[in-house]
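Everything below concerns the one structure shown next.
The values are calculated or read from the model by the stated rules, or taken from the named source; none is laboratory data. Model, not experiment: these values are computed from the prediction. FYI the Cβ positions are ideal-geometry reconstructions off the backbone, even for glycines, and counts take in every protein chain you see. Heads up: the accessible areas ignore ligands, DNA and RNA and are worked out on the full protein's heavy atoms, side chains in. Shrake-Rupley method; radii C 1.70, N 1.55, O 1.52, S 1.80 Å.
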Amino acid sequence: MLKRITLFLLILGVMISCEKSDKVTLVSSTGRINHVLIVMNNEDWDGKIGDELKKIIGQPVLGLPQEENQFSINQVDPVTFNSLFKRNRNILFVGLDKEENFYTNHDVYASPQTTLTILGKDKEELIQNIRSHEDDIIGIFKKNDLALYQKKVTKDFHNPEEIETLNALGIRMKIPFEYKQVEDSGQFLWYRNTFERGLLNIIAYEIPFIEESFSEESLVSFRDSIGKNYIPGQFENTYMRTEPQFKPVTETVEFNNFKSLESRGLWFVEGDYMGGPFISYTIEDEENDRLIVVEGFSYSPGSKKRDVVFELEAILKTIELK
(Lines give C-alpha, C1' and ligand atoms only; values in the text may rest on other atoms or scores of the structure.)
Protein backbone atom coordinates (compact mmCIF):
# COMPACT_ATOMS: atom_id res chain seq x y z
CA MET A 1 0.00 0.00 0.00
CA LEU A 2 2.89 2.35 0.83
CA LYS A 3 4.44 1.78 -2.60
CA ARG A 4 1.11 2.47 -4.27
CA ILE A 5 0.81 5.77 -2.39
CA THR A 6 4.41 6.65 -3.25
CA LEU A 7 3.78 6.24 -6.97
CA PHE A 8 0.53 8.19 -6.74
CA LEU A 9 2.31 11.09 -5.04
CA LEU A 10 5.07 10.92 -7.64
CA ILE A 11 2.59 11.12 -10.52
CA LEU A 12 0.70 13.91 -8.75
CA GLY A 13 4.02 15.75 -8.54
CA VAL A 14 4.45 15.30 -12.28
CA MET A 15 1.06 16.88 -12.93
CA ILE A 16 1.75 19.81 -10.59
CA SER A 17 5.19 20.33 -12.12
CA CYS A 18 3.59 20.51 -15.56
CA GLU A 19 1.43 23.42 -14.43
CA LYS A 20 4.47 25.28 -13.10
CA SER A 21 7.06 24.31 -15.71
CA ASP A 22 6.48 27.44 -17.80
CA LYS A 23 7.43 29.63 -14.82
CA VAL A 24 10.82 28.09 -14.06
CA THR A 25 14.04 27.51 -15.94
CA LEU A 26 14.48 23.79 -16.50
CA VAL A 27 17.83 22.02 -16.50
CA SER A 28 18.99 20.32 -19.69
CA SER A 29 17.92 16.71 -20.01
CA THR A 30 20.38 13.85 -20.33
CA GLY A 31 20.32 10.44 -21.98
CA ARG A 32 21.39 8.70 -25.14
CA ILE A 33 19.23 8.15 -28.22
CA ASN A 34 16.74 5.28 -27.74
CA HIS A 35 17.17 5.18 -23.97
CA VAL A 36 14.20 5.09 -21.54
CA LEU A 37 14.11 5.28 -17.75
CA ILE A 38 11.26 3.18 -16.30
CA VAL A 39 9.92 4.24 -12.90
CA MET A 40 7.96 1.45 -11.24
CA ASN A 41 8.03 -0.73 -8.13
CA ASN A 42 10.87 -3.26 -8.10
CA GLU A 43 8.40 -6.02 -7.22
CA ASP A 44 6.24 -5.27 -10.29
CA TRP A 45 9.30 -4.93 -12.54
CA ASP A 46 10.38 -8.44 -11.54
CA GLY A 47 6.86 -9.81 -12.00
CA LYS A 48 4.21 -10.11 -14.73
CA ILE A 49 3.91 -6.34 -15.33
CA GLY A 50 7.64 -6.04 -15.92
CA ASP A 51 7.57 -9.10 -18.18
CA GLU A 52 4.92 -7.43 -20.35
CA LEU A 53 7.01 -4.28 -20.70
CA LYS A 54 10.15 -6.30 -21.45
CA LYS A 55 8.34 -8.10 -24.28
CA ILE A 56 7.51 -4.75 -25.91
CA ILE A 57 10.92 -3.21 -25.37
CA GLY A 58 12.61 -6.47 -26.33
CA GLN A 59 11.06 -6.51 -29.80
CA PRO A 60 13.96 -6.36 -32.25
CA VAL A 61 14.49 -3.34 -34.47
CA LEU A 62 13.75 -4.42 -38.04
CA GLY A 63 16.42 -4.61 -40.70
CA LEU A 64 19.53 -5.09 -38.56
CA PRO A 65 22.08 -7.91 -38.94
CA GLN A 66 21.82 -8.83 -35.23
CA GLU A 67 18.87 -8.49 -32.88
CA GLU A 68 18.84 -5.21 -30.93
CA ASN A 69 16.06 -4.05 -28.61
CA GLN A 70 13.90 -1.03 -29.36
CA PHE A 71 15.36 0.78 -26.33
CA SER A 72 18.18 0.61 -23.84
CA ILE A 73 16.54 0.86 -20.42
CA ASN A 74 17.14 1.49 -16.75
CA GLN A 75 14.52 0.87 -14.07
CA VAL A 76 14.25 2.56 -10.69
CA ASP A 77 11.79 2.24 -7.82
CA PRO A 78 9.73 5.42 -7.14
CA VAL A 79 11.37 5.81 -3.73
CA THR A 80 14.79 6.20 -5.38
CA PHE A 81 13.61 8.51 -8.17
CA ASN A 82 15.79 11.48 -7.25
CA SER A 83 16.94 14.67 -9.01
CA LEU A 84 19.62 12.81 -10.97
CA PHE A 85 17.08 10.43 -12.51
CA LYS A 86 14.65 13.28 -13.17
CA ARG A 87 17.03 14.70 -15.80
CA ASN A 88 16.48 11.72 -18.12
CA ARG A 89 15.06 12.72 -21.48
CA ASN A 90 12.58 9.81 -21.75
CA ILE A 91 10.77 8.60 -18.62
CA LEU A 92 8.05 5.96 -18.35
CA PHE A 93 5.94 5.86 -15.15
CA VAL A 94 4.06 2.61 -14.53
CA GLY A 95 1.85 1.79 -11.54
CA LEU A 96 -1.53 1.35 -9.87
CA ASP A 97 -4.07 4.09 -9.19
CA LYS A 98 -7.81 4.59 -8.68
CA GLU A 99 -8.45 4.89 -12.44
CA GLU A 100 -6.91 3.43 -15.58
CA ASN A 101 -5.00 6.08 -17.50
CA PHE A 102 -2.47 6.69 -20.25
CA TYR A 103 -1.02 10.13 -20.99
CA THR A 104 2.12 12.05 -21.88
CA ASN A 105 3.70 15.25 -20.60
CA HIS A 106 6.64 17.30 -21.81
CA ASP A 107 9.45 19.17 -20.04
CA VAL A 108 8.34 18.33 -16.51
CA TYR A 109 11.72 18.12 -14.78
CA ALA A 110 14.12 18.97 -17.63
CA SER A 111 14.12 20.07 -21.25
CA PRO A 112 13.69 18.56 -23.74
CA GLN A 113 11.88 15.73 -21.99
CA THR A 114 8.94 13.38 -22.58
CA THR A 115 7.23 11.54 -19.74
CA LEU A 116 4.69 8.78 -20.37
CA THR A 117 2.39 7.49 -17.62
CA ILE A 118 0.51 4.16 -17.69
CA LEU A 119 -1.88 3.34 -14.81
CA GLY A 120 -4.32 0.58 -13.91
CA LYS A 121 -6.71 -0.08 -11.01
CA ASP A 122 -5.13 -3.51 -10.48
CA LYS A 123 -2.30 -5.52 -11.97
CA GLU A 124 -4.38 -7.31 -14.60
CA GLU A 125 -5.92 -4.05 -15.79
CA LEU A 126 -2.48 -2.45 -15.89
CA ILE A 127 -1.15 -5.30 -18.03
CA GLN A 128 -4.08 -4.89 -20.44
CA ASN A 129 -3.46 -1.13 -20.59
CA ILE A 130 0.20 -1.76 -21.45
CA ARG A 131 -0.77 -4.25 -24.17
CA SER A 132 -3.33 -1.92 -25.73
CA HIS A 133 -0.73 0.87 -25.98
CA GLU A 134 2.16 -1.25 -27.22
CA ASP A 135 2.71 0.80 -30.39
CA ASP A 136 2.31 4.09 -28.51
CA ILE A 137 4.97 3.18 -25.95
CA ILE A 138 7.51 2.70 -28.73
CA GLY A 139 6.24 5.44 -31.03
CA ILE A 140 6.07 8.28 -28.50
CA PHE A 141 9.67 7.95 -27.36
CA LYS A 142 10.96 7.27 -30.89
CA LYS A 143 9.22 10.41 -32.14
CA ASN A 144 10.73 12.41 -29.30
CA ASP A 145 14.27 11.27 -30.08
CA LEU A 146 13.76 11.75 -33.81
CA ALA A 147 12.65 15.36 -33.30
CA LEU A 148 15.59 15.99 -30.99
CA TYR A 149 18.13 14.71 -33.51
CA GLN A 150 16.52 16.63 -36.36
CA LYS A 151 16.75 19.80 -34.28
CA LYS A 152 20.45 19.07 -33.84
CA VAL A 153 20.83 18.57 -37.60
CA THR A 154 19.20 21.90 -38.41
CA LYS A 155 21.87 23.80 -36.49
CA ASP A 156 24.75 22.90 -38.79
CA PHE A 157 24.06 21.45 -42.25
CA HIS A 158 25.06 21.84 -45.88
CA ASN A 159 23.01 24.42 -47.78
CA PRO A 160 20.59 22.30 -49.89
CA GLU A 161 20.49 25.03 -52.55
CA GLU A 162 24.19 24.45 -53.21
CA ILE A 163 23.83 20.68 -53.72
CA GLU A 164 23.33 20.08 -57.44
CA THR A 165 21.57 16.72 -57.21
CA LEU A 166 19.06 17.93 -54.64
CA ASN A 167 18.19 20.83 -56.91
CA ALA A 168 17.86 18.51 -59.91
CA LEU A 169 15.57 16.21 -57.93
CA GLY A 170 13.53 19.16 -56.66
CA ILE A 171 14.02 18.29 -53.00
CA ARG A 172 15.62 19.71 -49.86
CA MET A 173 17.40 17.62 -47.23
CA LYS A 174 19.44 18.72 -44.22
CA ILE A 175 22.74 16.84 -44.41
CA PRO A 176 24.99 17.60 -41.40
CA PHE A 177 28.44 19.13 -41.96
CA GLU A 178 30.02 15.96 -40.55
CA TYR A 179 29.02 14.31 -43.82
CA LYS A 180 31.47 15.12 -46.64
CA GLN A 181 30.68 15.05 -50.34
CA VAL A 182 31.76 11.96 -52.25
CA GLU A 183 29.77 12.67 -55.42
CA ASP A 184 27.22 15.25 -56.56
CA SER A 185 26.75 14.83 -60.30
CA GLY A 186 23.21 16.18 -60.61
CA GLN A 187 22.02 12.60 -61.14
CA PHE A 188 23.53 10.94 -58.09
CA LEU A 189 24.26 12.27 -54.61
CA TRP A 190 26.63 10.65 -52.08
CA TYR A 191 27.74 12.11 -48.75
CA ARG A 192 29.78 10.20 -46.17
CA ASN A 193 30.53 10.61 -42.47
CA THR A 194 33.71 8.87 -41.29
CA PHE A 195 33.56 8.34 -37.54
CA GLU A 196 35.45 6.32 -34.94
CA ARG A 197 33.51 3.08 -35.44
CA GLY A 198 32.95 3.18 -39.19
CA LEU A 199 31.12 4.99 -41.99
CA LEU A 200 27.66 6.53 -42.44
CA ASN A 201 26.43 7.28 -45.96
CA ILE A 202 23.59 9.26 -47.52
CA ILE A 203 22.69 8.80 -51.20
CA ALA A 204 19.90 10.13 -53.43
CA TYR A 205 18.79 9.54 -57.03
CA GLU A 206 15.68 9.12 -59.17
CA ILE A 207 14.33 6.32 -61.34
CA PRO A 208 11.59 6.40 -64.01
CA PHE A 209 8.11 5.71 -62.72
CA ILE A 210 6.07 2.83 -64.06
CA GLU A 211 3.52 0.94 -62.00
CA GLU A 212 5.74 -2.13 -61.82
CA SER A 213 8.75 -0.13 -60.61
CA PHE A 214 7.11 0.48 -57.25
CA SER A 215 7.20 -3.22 -56.36
CA GLU A 216 9.68 -4.53 -53.82
CA GLU A 217 11.47 -6.73 -56.36
CA SER A 218 11.88 -3.90 -58.86
CA LEU A 219 13.21 -1.53 -56.22
CA VAL A 220 15.84 -4.07 -55.19
CA SER A 221 16.83 -4.48 -58.84
CA PHE A 222 17.13 -0.70 -59.31
CA ARG A 223 19.06 -0.41 -56.07
CA ASP A 224 21.56 -3.06 -57.18
CA SER A 225 22.07 -1.33 -60.53
CA ILE A 226 22.81 1.94 -58.70
CA GLY A 227 25.30 0.13 -56.48
CA LYS A 228 27.05 -1.40 -59.47
CA ASN A 229 27.30 1.90 -61.33
CA TYR A 230 28.03 4.33 -58.50
CA ILE A 231 29.19 2.59 -55.30
CA PRO A 232 32.38 0.56 -55.86
CA GLY A 233 34.08 -1.60 -53.26
CA GLN A 234 37.72 -1.31 -52.30
CA PHE A 235 38.84 -3.84 -54.93
CA GLU A 236 38.38 -3.94 -58.71
CA ASN A 237 35.03 -5.30 -59.94
CA THR A 238 33.46 -5.09 -56.48
CA TYR A 239 30.34 -3.07 -55.73
CA MET A 240 27.43 -2.70 -53.31
CA ARG A 241 24.43 -5.03 -53.58
CA THR A 242 21.32 -5.86 -51.58
CA GLU A 243 21.83 -8.94 -49.43
CA PRO A 244 19.76 -11.66 -51.20
CA GLN A 245 19.47 -13.84 -48.08
CA PHE A 246 17.64 -11.10 -46.18
CA LYS A 247 14.36 -9.84 -47.62
CA PRO A 248 14.00 -6.07 -46.99
CA VAL A 249 11.22 -5.10 -44.58
CA THR A 250 8.93 -2.54 -46.22
CA GLU A 251 6.20 -0.20 -45.00
CA THR A 252 4.11 2.44 -46.75
CA VAL A 253 4.56 5.92 -45.25
CA GLU A 254 4.02 9.51 -46.39
CA PHE A 255 6.29 12.51 -47.00
CA ASN A 256 4.43 15.80 -47.36
CA ASN A 257 1.38 13.93 -48.69
CA PHE A 258 3.50 11.97 -51.16
CA LYS A 259 3.22 8.19 -51.08
CA SER A 260 6.51 6.63 -50.05
CA LEU A 261 7.88 3.16 -49.36
CA GLU A 262 10.23 2.70 -46.41
CA SER A 263 12.65 -0.21 -46.79
CA ARG A 264 15.00 -1.62 -44.17
CA GLY A 265 17.48 -4.32 -45.07
CA LEU A 266 21.08 -5.39 -45.45
CA TRP A 267 23.72 -4.63 -48.08
CA PHE A 268 27.03 -6.29 -48.91
CA VAL A 269 29.90 -5.74 -51.34
CA GLU A 270 29.96 -8.25 -54.19
CA GLY A 271 33.36 -9.95 -54.11
CA ASP A 272 34.31 -8.63 -50.66
CA TYR A 273 33.37 -9.02 -46.99
CA MET A 274 31.96 -5.55 -46.27
CA GLY A 275 28.30 -5.16 -45.35
CA GLY A 276 25.77 -3.59 -43.03
CA PRO A 277 22.20 -2.26 -42.71
CA PHE A 278 20.41 0.32 -44.87
CA ILE A 279 17.21 2.35 -44.67
CA SER A 280 15.64 3.94 -47.73
CA TYR A 281 12.59 5.96 -48.74
CA THR A 282 11.20 5.72 -52.25
CA ILE A 283 8.89 8.65 -52.92
CA GLU A 284 6.26 8.40 -55.64
CA ASP A 285 6.10 11.54 -57.78
CA GLU A 286 3.50 10.58 -60.40
CA GLU A 287 3.14 14.13 -61.68
CA ASN A 288 6.73 14.00 -62.94
CA ASP A 289 6.69 10.27 -63.82
CA ARG A 290 9.50 9.36 -61.44
CA LEU A 291 10.45 7.85 -58.12
CA ILE A 292 12.80 9.75 -55.82
CA VAL A 293 15.03 7.54 -53.68
CA VAL A 294 16.90 8.72 -50.58
CA GLU A 295 18.89 6.17 -48.64
CA GLY A 296 21.24 5.84 -45.72
CA PHE A 297 23.58 2.91 -45.18
CA SER A 298 26.20 2.21 -42.53
CA TYR A 299 29.39 0.22 -42.13
CA SER A 300 30.44 -0.29 -38.53
CA PRO A 301 31.83 -3.79 -38.02
CA GLY A 302 31.88 -5.15 -34.51
CA SER A 303 29.52 -2.54 -33.07
CA LYS A 304 25.79 -2.06 -32.48
CA LYS A 305 23.80 -0.75 -35.44
CA ARG A 306 20.50 0.48 -33.97
CA ASP A 307 21.53 4.04 -33.14
CA VAL A 308 23.49 4.72 -36.34
CA VAL A 309 20.52 3.62 -38.46
CA PHE A 310 18.31 5.85 -36.31
CA GLU A 311 20.63 8.79 -37.09
CA LEU A 312 20.32 8.07 -40.81
CA GLU A 313 16.53 7.86 -40.50
CA ALA A 314 16.44 11.25 -38.75
CA ILE A 315 18.47 12.86 -41.56
CA LEU A 316 16.43 11.28 -44.34
CA LYS A 317 13.18 12.43 -42.74
CA THR A 318 14.23 16.08 -43.07
CA ILE A 319 13.45 15.74 -46.79
CA GLU A 320 11.03 18.19 -48.35
CA LEU A 321 9.75 18.26 -51.91
CA LYS A 322 9.86 21.69 -53.49
Exercise. Using amide H atoms built 1.01 Å from N in the peptide plane, name the residues 5+ places from Asp97, or on other chains, whose amide H lies under 5 Å from its own.
Key: Gly120, Lys121
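Where in segment 242-314 are there chymotrypsin sites (Phe, Trp or Tyr not before Pro) that are in a DSSP coil and have at most 10 other Cβ atoms within 10 angstrom of their Cβ?
Passing sites in segment 242-314 are Tyr273.
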Quiz prompt | lysines whose Cα lies under 28 Å from that of Lys152, excluding same-chain neighbours fewer than 8 positions away | solution = Lys20, Lys23, Lys86, Lys142, Lys143, Lys174, Lys180, Lys259, Lys304, Lys305, Lys317, Lys322
Self-check item: Degrees between helix 123-132 axis and first principal axis of the chain (Cα, 0 to 90, nearest 10)
Solution: 20
Self-check item: Within the chain, helix-based [θ] at 222 nm, where runs of 4 or more DSSP H residues each add -39,500 (n - 2.57), nearest 500
Solution: -9000 deg cm²/dmol
Quiz prompt | Tilt relative to the chain, helix 216-230 - C-alpha long axis, 0 to 90 degrees, to 10 | solution = 60
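In segment 156-255, which GluC sites (Glu not before Pro) are in a loop and have at most 13 other Cβ atoms within 10 Å, using DSSP for the loop call?
Sparse-neighbourhood loop GluC sites (Glu not before Pro): Glu196, Glu236.
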Quiz prompt | Of Gly265, Gly63, Gly120, the one that fluctuates the most in a GNM where the chain has Cα springs shorter than 10 Å | solution = Gly120
Quiz prompt | Per residue value of the accessible surface for the chain (all protein chains in place, 1.4 Å probe), Å² | solution = 50
Quiz item: Hey, what do the phi angles of segment 249-254 turn into as Karplus ³J(HN,Hα) couplings, whole Hz, using 6.51/-1.76/1.60 and θ = phi - 60°, x for Gly and Pro?
Solution: 8, 10, 8, 7, 9, 10
Quiz prompt | Accessible surface ranking that places the most exposed of His35, His106 first, with a 1.4 angstrom probe | solution = His106, His35
Practice problem: For helix 48-57, report the angle its Cα long axis makes with the longest principal axis of the Cα atoms of the chain; keep it between 0 and 90° and round to the nearest 10°. | Solution: 20
Practice problem: State, to one decimal in nm², a quarter of the convex hull surface area for the C-alpha atoms of segment 230-322, i.e. the direction-averaged projected area. | Solution: 7.2
Quiz item: Can you list the trypsin sites (Lys or Arg not before Pro) in segment 31-114 that are in a DSSP coil and have 15 or fewer other beta carbons within 10 angstrom?
Solution: Arg32, Lys98
Quiz item: Per the 1.4 Å probe, what fraction of the accessible area of the chain, in percent, lies on carbon and sulfur atoms?
Solution: 49
Quiz item: Is segment 102-156 rounded, prolate or oblate when judged by the Cα gyration tensor, a ≥ b ≥ c being the square roots of its eigenvalues, rounded requiring a/c under 1.5 and prolate requiring a/b larger than b/c?
Solution: oblate
Practice problem: Give the relative contact order (percent, whole number) for the chain; include only Cα pairs under 8 Å separated by 6+ residues. | Solution: 15
